[in-house]
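Have a look at the structure below before the remarks.
The values are calculated or read from the model by the stated rules, or taken from the named source; none is laboratory data. This one's a predicted model, so the numbers in the text were calculated from it and none came from an experiment. Reconstructed Cβ throughout: ideal geometry from the backbone, glycine too, with neighbour counts over all protein chains shown. Side chains included, ligands, DNA and RNA excluded: accessible areas come from the protein's heavy atoms. Shrake-Rupley method; radii C 1.70, N 1.55, O 1.52, S 1.80 Å.
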Amino acid sequence: DALIVLGEIAKSNGDDDLMWSYYERFVRCNSKDTDYIAKVANNYEKKGDKKNAKLYYQRTLNRLISTSDSVKTREIFNALLENGTSDFSFYSTYISKLGSSPLALDLSKMLLSYLVDMKNSFSQDTAPSSVRKTLENIIEVSRTILSIDKDDMETKELLASILKEKYGASSRFTEVN
């Protein structure tokens, strides 16, 4: 942990760039310290470097999967959602690793809210493929939520409206509705 000490010395000397350099080196050597991985991710986010922030947020989440720190997991998952550069497959794979746990349910609801906000932000100029993919992702997350909590009426209603939006123009929709 000499790199942390060197980072603290650099910080006390007012050299933030050197401090972050030491912290990054520490994270590369010690991939289990989720606090410092998250600090490095947050630093990149503040600098506007979304790509590196995403990498460190994902690394933090992957380390947290083996811990029972659900509060920190929720916090980092939300930060990654707000970062906006991660792809859906990362989120869905991560949630599936959590099984049918309360944490998986919470993260699924966070992801669903993010996807619905994304869908609602689309304009008429949005590519149809983006709209279609977002609707498919909302359907998948809704099904995940309902597999954990079968009585979630809000998600059932959302799923019904999304299915109607996606398939409502089909002549067979009324047959299966």
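Quick rundown of the values:
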item	result
Heavy-atom accessible area per residue - region 1-148, 1.4 Å, Å²	54 Å²
DSSP H segments from the chain that extend 24 Å or more along their own axis, Cα-based, with Kyte-Doolittle mean of -0.5 or above	102-121, 128-148
Gyration tensor verdict on region 44-83 (Cα atoms; rounded if a/c is under 1.5, prolate if a/b is larger than b/c, oblate otherwise)	prolate
Projected area averaged over orientations for region 81-146, convex hull of C-alpha atoms, nm²	4.4 nm²
Listed residues M19, M118, M153 arranged by accessible area, highest first, probe 1.4 Å	M153, M118, M19
Distance between region 1-63 and region 115-158 - C-alpha centres, whole angstrom	34 Å
Net charge of neighbours whose Cβ lies under 14 Å from the Cβ of R59, counting Lys and Arg as +1 and Asp and Glu as -1	+3
Share of carbon and sulfur in the accessible heavy-atom surface of region 32-153 [1.4 Å probe, %]	48 percent
In region 1-41, trypsin sites (Lys or Arg not before Pro) in a DSSP loop with at most 10 other beta-carbon atoms within 10 Å	K32
Nitroxide proxy distance, nm - points 7 Å out along Cα→Cβ at S68 and S12	3.7 nm
The chain: most fluctuating residue of S129, S92, S31 per GNM, C-alpha cutoff 10 Å	S129
Sparse-neighbour loop sites [trypsin sites (Lys or Arg not before Pro); region 83-177; at most 13 other C-beta within 10 Å; DSSP]	K150, R172
The chain - convex hull of alpha carbons, volume per residue in Å³	128 Å³
23 Å Cα-Cα threshold exceeded, pairs from K54/K150; K109/K166; K97/K119; K72/K119; K119/K166; K51/K166	K54/K150; K97/K119; K72/K119; K51/K166
Ellipticity estimate at 222 nm from DSSP helix runs (n ≥ 4, -39,500 (n - 2.57)) divided over the chain, nearest 500	-25000 deg cm²/dmol
